[in-house]
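No lab work stands behind these numbers, since they all come straight from the coordinates. Quick caveat: nothing in here was measured; it's all calculated off a predicted structure. For neighbour counting, all protein chains shown are included, and Cβ atoms are generated from backbone atoms with ideal geometry for every residue, glycine included.
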Amino acid sequence: MKKWFAVILILNLMIGGLTGCAKKASEHPQPSGQITVTVTDMPNKAYVQGSANKTTAKLEIKAAAKFAPGSTIEATITDAVWNQVQLPGNANQGWTNFELYNDNHSIRFTQSGESGLEMVTLVFPTINIDVDASLGDLKVALGGTAGATGEYVIAAITTAINLKADKPVIKVNALDQPAGNIIINEATKDGFSASAPEGVLKLSLPNGVVFARDPKVFYNGYEVNNIKIDAGGRGKDFIQWQGKNIASFNDTLLEKIEISSIAYNVDPRLTPKDIVVEVSGQVLTGPGGSTSTIASIANAIARSLTGGSASFVVGSTKARINGEAIDMDVAPYMQDNRVYVPLRFAANALGVSDNNIMWDQTNQTITLVKGDSAVQFKIGNKSMLLNGVSVNMDVAPRLDGNRVMLPIGWMAQAFGAAVTWDEGKQTISLAY
């Protein structure tokens, strides 16, 4: 009898122990299909593409039962990234441990088991918005073992600017070609930011195109002169405007920046195409914002314009202009790795008539006029004037005896002609 009592007692203890274990595990059941998500504290304005350190809405996540320790909530955004910032110690009620992954597009919160609550108001780190983010609602997609699912709007994205520009035709292999003005209008009332550390508005050009001179910048109709030209290794290929030097931008008005008096020098190797200007800078994206291209616009069309041709052979008095054989009294020669051609023949080869060739004996200057282009050279001077603008050359015009000899390559570029050089035949050819 005692033996049976002992067996029954042991069985009762085992069953009671198992029952106790089952009850203990069910104190924090995993929520299943009974979670509601509410968006709170939505930002009161849209954020511009490329901006940084922006706050988002919070998500109030409520379950039917307490969240189990170790359960996770995962949040993913596609047009922005989460910042690795320290959230306040009292944020997220026991979900304070988080990790970033998926190139910071995703964040995972883990329940530490300290709160035992059925609800959490999820506070996110700040975000950096992609420069090419889709305009409109920024949504977060929820997942994880806690059972929260669905997509929710936590911010709105807008563009900082709208661009406008004229698009005149310019010549390949030509200097000081007037391009279209670029107008940058705010798309939102605080699209321009003067508080960025650099306060830079940057216009970048494609390879083969450089700024011929400093453009002008107007802010709401008033000219500003704080322009910085950067050589960038290929000539004046981008400009920067230090917008922070304006006392402040007006956040209550839609403002306008206009860049005018733009002119380009175009490389002869450039393939005829639209000249697309890329616009970037923290004047548009704000402090800490992206410095990548925000928007782009074409303000010129480069074309190869042909209307005549000529060829000269170094050391020969025989030349061809528009297919006609020409005899010269002086042969072209090579000096400092540049081909020099007698003035009148060089000018005629580029379509300049004799009555538009002017020689000033006193000042030792040569002025050539063709259409709306006026080019002036000075004997012994490595600068030429193209429509009144000084252009540096690497060689100077020469006076040999009583003959003016001009560097034909620089002349051709001034009038927009293409130049090719045949080393074997010692022949320089022009086409315009």
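Between ASN387 and ASP336, what is the label-to-label distance in nm when each label sits 7 Å out along the Cα-to-Cβ direction? Here the modelled spin labels are 2.6 nm apart. A crude spin-label estimate for the pair ASP422 and VAL169, with each label 7 Å from Cα along the Cβ direction, gives 2.9 nm. Taking Cβ atoms as reference points and 12 Å as the exclusive limit, the residues near VAL352 contribute a net charge of +1, counting Lys and Arg as +1 and Asp and Glu as -1.
Assign unit charges at the C-beta atoms only (+1 for Lys and Arg, -1 for Asp and Glu), then state the dipole size of region 325-432 relative to its Cα centre in Debye, rounded to the nearest 20.
Details: 8 positive and 10 negative charges, 34 e Å.
Value, rounded to 20: 160 debye.
At 0.36 nm per residue, minus the direct Cα-Cα distance, what do THR362 and SER309 gain on full extension? Give it in nm, one decimal, please. Walk me through the numbers on the way to the answer.
Details: separation 53, 0.36 × 53 = 19.08 nm, distance 3.28 nm.
In short, 15.8 nm is gained.
Residues of region 287-316 with an amide N closer than 13 Å to a point placed 7 Å from the Cα of MET328 along the Cα-to-Cβ direction: 310-316. Dipole magnitude for region 112-167: computed about the Cα centre from +1 point charges on Lys and Arg Cβ and -1 point charges on Asp and Glu Cβ, it is near 260 debye. The chymotrypsin sites (Phe, Trp or Tyr not before Pro) of region 101-189 include none that DSSP puts in a loop with a beta carbon having at most 11 other beta carbons within 10 Å. Spin-label model, LYS318 to LEU135: label points 7 Å out along the Cα-to-beta-carbon direction sit 6.4 nm apart. Note on THR188 and ARG403: the extension gain reaches 71.1 nm, defined as 0.36 nm multiplied by sequence separation minus the Cα-Cα distance.
Which whole number of Å³ per residue matches the convex hull of the alpha-carbon atoms in region 134-220? Numbers along the way, then the final one.
Working: hull volume 17.2 nm³, N = 87.
Taking only Cα atoms, region 134-220 has a hull volume of 198 Å³ per residue.
Protection proxy ranking, highest mean first, for peptides 404-415, 39-50, 55-66: 404-415, 55-66, 39-50, where packing is the per-residue count of other beta-carbon atoms within 10 Å, averaged.
Listed peptides 309-320, 138-149 appear in the order 138-149, 309-320 once ranked by packing, highest mean of other Cβ atoms within 10 Å at the front.
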